[in-house]
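The structure appears right after this line, and notes come after that.
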Amino acid sequence: MSQHPTIGDTLEQTVDRYPDRDAIVYPRKDQRWTYAEFDERVNRLANALADRGIEKGDRVATVLHNGSEMALTVYACAKLGAVFTPLNFRLPAGEIEYIVTDAEAELVLFESETREAVEGARPSLETVSEYVYIDDDREEAPEYATGFYDLLESGSTDRPDVHVEEDDVYAFIYTSGTTGRPKGVVHEHRSMVEHNLLCIAELDLTRDDVGLSIMPLYHCAELHCSLFARVHRGATNVIHHEFDPEAALEAIEAHGVTVLFAAPTAWNALSLTAAETDVDVSSLRIGLYGAAPMPERVLENCMDHLCEDYVQAYGMTEIGPAGVFQPPEDQVPKQGSAGLPALNHRVRVVDPDADPAAAVETGEIGEILISSPCTMREYWNRPEATARSLREADGTTWYYTGDLGYRDEDGYLFVVDRKDDMIVSGGENVYPAEVEDVLFAHDAVEEAAVVGEPDEEWGERVVAYVVVDGVDAAALDEFVLESDRLADFKRPRTYYFVDELPKNPSGKIQKFKLREDEADVDPESETVA
Ligand code: ATP
Ligand code: MG
């Protein structure tokens, strides 16, 4: 018997402290529940799922946009000890089939927007015995599925009679699939409770905070950094079904939103919209962002039109995701940095080719390793990948991030690129992100991805896949030369013109597909040097 709480306990603690404070506000369905009301519904759903045969350890998959239903499901699973397995709602049938089968899910929850994809996958989903459909005023459940709200009605309000331990599995969270097929990250209750505390501390969350969820809850960034931390603290969660900048700004005013997480691209859209409206967003006290550093111009716009203070998080699904934070006071002086290790975290930068790992000098680029109390147990069914990623040294487990970066003289981490994307040309390292930044500065370049191509003389040569509007390779090459920002070995030798770049469903470019020649290249593509 342990005294360490589980994710289900974090909700019950909050109910004990603040039963009457607002927990969930879901304007799309006019739902507003206090913590006591939310918890009662969580119990109902958990008991109803148990009545349907879901037991501790069973995987419950969701293919859902944001909604109160997602919040109910994750806590219901936590109380049952069932394994919450959220899928990206943009996945096509083939990807749903891959993940649901890999996870061996028992039950799938879906909705009108994801019905077509789920039905496309359904004939192949052999492990699934139950389907639950978000039925509401607009939609009836298909005949093979149970309606979510019918199910909710059917369950008892008692606390489910299941003993869940701190080291039981809480979720399988699949990675984004940027560098290959998504991997199932196995997270335990204890590590996620630790992660809650981290986010509460780094954002100075209080019970008076009101958060707005506009980023997808299927991704651990919104789920853990926003919803979980706020529920643990007793703050309020306003949930938007999907991201709409205007609606988000109106919600900030209507609900007195104080804290918001968004990717830099979404912050950009919010600040541009805010500049053109007179919606009152003065309640917003802090903005969180991650996935990439905030470009200077976007940060300035956000400061002008939204709020003063921002926190950046760097990390990945495997560590919960946040492991490095850049607090508000460092945003301007350390622009471009990801910040300093989070509380209880250690960061090392090592020579990626040395075994055992040897730390590199200050300012030198190497692979980023993180030691975190929020680290995954393993990748589901992938012992080799787990062994590569989690390695023991100096009495701790280090997670090998696969990201390259360096620490400056003050210890601040700068993320440079992904290790697998680095190009070695004539013995020199080329970091594609640096080359892409130069190309992006050209007005006619809409998208750019720089990769290495095998070359007899140089080992690899630098080539660029670009989506452009009326510019040829010679002009791009001239622009690169004139920018005077790239050494000659970093200069793209060939420009491949494409209509679009291969992306995962979250919009990240999948360079492995370019390296495997999967892009549809325009015959106008040219070699310039
Ligand atoms: P897969 O592991 O399946 O290839 P993925 O790595 O894109 O997908 P995530 O866990 O969602 O899946 O993303 C984590 C990655 O995002 C990190 O490894 C890093 O490359 C990038 N990242 C996250 N936060 C930041 C940040 N603040 N600055 C720069 N890069 C970041
Ligand atoms: Mg990854």
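In summary, strands (runs of 3 or more DSSP E) completely within segment 432-521 and bearing 1 or more residues that are open to solvent by less than 60 Å² (accessible area, probe 1.4 Å) and out of contact with any Asp or Glu (no Cβ under 9 Å at 6 or more places or on another chain) occur at 445-455, 459-468.
Which ones in segment 136-182 are assigned to a helix (DSSP H, G or I) and touching a strand residue (DSSP E or B) at 6+ places or on another chain (Cβ under 7 Å)? Those that are assigned to a helix (DSSP H, G or I) and touching a strand residue (DSSP E or B) at 6+ places or on another chain (Cβ under 7 Å): PHE148, LEU151. Checking each residue in segment 352-386 for being away from ligand 1 (no atom under 16 Å from the Cβ) and part of a helix (DSSP H, G or I) picks out only PRO383. Quick one: would you say GLU364 is within 16 Å of ligand 2 (Cβ to nearest atom) and either within 19 Å of TYR431 (Cα to Cα) or not assigned by TED's automatic domain parsing to the domain that holds GLU428 (or both)? No. From the list ALA117, ALA105, ALA82, the lone residue that is more than 16 Å from ligand 2 (Cβ to nearest atom), free of Cβ contacts under 8 Å to residues at least 40 places away in the same chain and open to solvent by less than 50 Å² (accessible area, probe 1.4 Å) is ALA82. For segment 220-249, the tally of residues that are closer than 20 Å to GLY315 by Cβ, of a type in the set (Ser, Thr, Tyr) and touching an Asp or Glu at 6+ places or on another chain (Cβ under 8 Å) stands at 0. When the helices (runs of 4 or more DSSP H) confined to segment 188-267 are screened for residues that are among the acidic types (Asp, Glu) and within 14 Å of ligand 1 (Cβ to nearest atom), those reaching at least 1 such residues are found at 189-202. When GLY155 is tested against (1) more than 16 Å from ligand 2 (Cβ to nearest atom); (2) among the small types (Gly, Ala, Ser); (3) under 28 Å from the mean Cα position of the chain (by Cα), only condition (3) is not met. Can you list residue pairs whose Cβ atoms sit under 6 Å apart, with the first residue in segment 505-529 being free of Cβ contacts under 8 Å to residues at least 24 places away in the same chain and the second being open to solvent by less than 40 Å² (accessible area, probe 1.4 Å)? Count only pairs 6 or more apart in sequence or on different chains. That search, which allows pairs on different chains as well, returns LYS513/PRO502.
The values are calculated or read from the model by the stated rules, or taken from the named source; none is laboratory data. Keep in mind the model is a prediction, meaning the values are calculated, not measured. Cβ coordinates were reconstructed from backbone atoms using ideal geometry, including for glycine residues, and neighbour counts include every protein chain displayed. For the accessible areas, the whole protein counts, side chains as well, though only heavy atoms, and no ligand, DNA or RNA atoms are used. Shrake-Rupley method; radii C 1.70, N 1.55, O 1.52, S 1.80 Å.
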